[in-house]
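The values are calculated or read from the model by the stated rules, or taken from the named source; none is laboratory data. The shown structure was predicted, so the numbers you read here are calculated from the model rather than taken from an experiment. Positions of Cβ are backbone-derived with ideal geometry, glycine not excepted, and every protein chain shown enters the neighbour counts.
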Amino acid sequence: MPDSGAKQLAGQVALITGGVRRIGRASALSLAREGAAIVVHAQNSRDEAEALEKEIKDLGGEAMVHLADVTDETAVKGLIDAIIERFGRIDILVNNAAIRKQTPFLEMSLEEWQQLLSIILDGTFLCTRACVPHMIKNGGGVVANMGGISHHVGAKNRVHVAAGKAGLGGMTRALAMELAEHNITVNLIAPGGIGGERSKTSPESANKAGTKSIPLGYMGSFENIANMVHALCVPAGRYITGQTIHVNGGRFLGP
């Protein structure tokens, strides 16, 4: 992202859940370059989180690391309390935490189904509910939820992921209406066809489909998604709310 000089998010604090790899990491760096202090969240990956914290600080930014299970109400409260103690505010929440398992439907256990839905939906619910009072106190804020293309085009072996992300779409629209009076925007970014190193819970086979289904003819990057997160967080993007924004090279065209 080009540096225009003025940092549009200076003085603001951004929490990015699942922020140590791929889209989360790219989003953290993008918002840090714009002046936001970054809370690098992970469930277990302390080494990666601390490496990203150092990278942000080396850029001249502020950052802190906090490990927490986003499906645990007490752990989420501890996360938000730690942010307020350190920075005194929260302005931006990027609900990015997820696992992306692929399992045939008839082999899917109830435990796996519930685990995926809990991280995607319960995690978003708990983190958003904990952050919103602080955003209201600040006079507004931004919630960016991370969806996906699966529930729009269908996907084998990802019924649980598609169901969770579809639920996230409904949550996004409802929250956008409820929080608009507090100057809080809520949007859903739906990535598709993103290349690069896969997460530990997303098999390499996800990259082997190639680019035949992508009209632009190439895979997207983590930075393509981070740029959309950035666009929603800066002042110019604050008239956008309740939307599902597709970033997929034209693979899916729709609302």
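Yes or no, residue by residue, for (1) in contact with a Cys (Cβ under 9 Å, 6 or more places away or on another chain); (2) under 20 Å from I189 (Cβ atoms); (3) without any contact (Cβ under 8 Å) to a residue 40 or more places away in the chain:
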{"residue": "A130", "(1), (2), (3)": "no, no, no"}
{"residue": "H134", "(1), (2), (3)": "no, no, no"}
{"residue": "A144", "(1), (2), (3)": "yes, yes, no"}
{"residue": "G147", "(1), (2), (3)": "no, yes, no"}
{"residue": "H152", "(1), (2), (3)": "no, yes, no"}
{"residue": "N157", "(1), (2), (3)": "no, no, no"}
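Do we find a residue being among the aliphatic types (A, V, I, L, M), modelled with pLDDT of 95 or more, over 21 Å from L29 (Cα atoms) and surrounded by 15 or more Cβ atoms within 10 Å (Cβ to Cβ) anywhere in segment 137-145? The answer is no, given that none of the residues of segment 137-145 is among the aliphatic types (A, V, I, L, M), modelled with pLDDT of 95 or more, over 21 Å from L29 (Cα atoms) and surrounded by 15 or more Cβ atoms within 10 Å (Cβ to Cβ). Considering segment 98-136, the residues that are of a type in the set (G, A, S) and modelled with pLDDT of 95 or more include one that is farthest from T74 (Cα to Cα), namely S109. I'd like to know if segment 90-101 contains one or more residues that are small (G, A, S), assigned to a helix (DSSP H, G or I) and under 21 Å from I194 (Cβ atoms). Taking every residue of segment 90-101 in turn, none turns out to be small (G, A, S), assigned to a helix (DSSP H, G or I) and under 21 Å from I194 (Cβ atoms). For A6, the conditions (1) at pLDDT 95 or above; (2) over 24 Å from A190 (Cβ atoms) are fulfilled apart from (1).
Filtering segment 21-46 to residues that are over 20 Å from A130 (Cα atoms) and at pLDDT below 95 leaves R21, R22, N44, S45, R46. When you check G123 against the structure, is it touching a residue at least 60 places away in the same chain (Cβ under 8 Å), surrounded by 20 or more Cβ atoms within 10 Å (Cβ to Cβ) and under 19 Å from the mean Cα position of the chain (by Cα), yes or no? Spelling it out, G123 is indeed touching a residue at least 60 places away in the same chain (Cβ under 8 Å), surrounded by 20 or more Cβ atoms within 10 Å (Cβ to Cβ) and under 19 Å from the mean Cα position of the chain (by Cα).
Please specify each residue of segment 113-150 satisfying the condition of being over 22 Å from G192 (Cα atoms), in contact with a strand residue (DSSP E or B) (Cβ under 8 Å, 6 or more places away or on another chain) and among the polar types (S, T, N, Q). Scanning segment 113-150 gives a single hit, T128.
Looking at A10, A82, A75, A68, just one residue is closer than 24 Å to A130 by Cα, surrounded by 18 or more Cβ atoms within 10 Å (Cβ to Cβ) and not β-branched (V, I, T), and that residue is A68. Considered as a group, the residues in segment 2-52 that are at positive phi and assigned to a loop (DSSP other than H, G, I, E, B) include one that is farthest from the chain's Cα centre (by Cα), and that residue is G5. Identify, by number, the condition in (1) more than 22 Å from V229 (Cα to Cα); (2) at pLDDT below 95; (3) part of a helix (DSSP H, G or I) that H152 doesn't meet. Only one criterion in (1) more than 22 Å from V229 (Cα to Cα); (2) at pLDDT below 95; (3) part of a helix (DSSP H, G or I) is unmet by H152, namely (1).
One line per residue, one yes/no per condition, for (1) of a type in the set (A, V, I, L, M, F, W, C); (2) farther than 26 Å from F125 by Cα; (3) touching a residue at least 60 places away in the same chain (Cβ under 8 Å):
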residue: E34; (1), (2), (3): no, yes, yes
residue: A42; (1), (2), (3): yes, no, no
residue: T74; (1), (2), (3): no, no, no
residue: K77; (1), (2), (3): no, no, no
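Of the residues A236, A209, the single one that is at pLDDT 95 or above and over 17 Å from the mean Cα position of the chain (by Cα) is A236.
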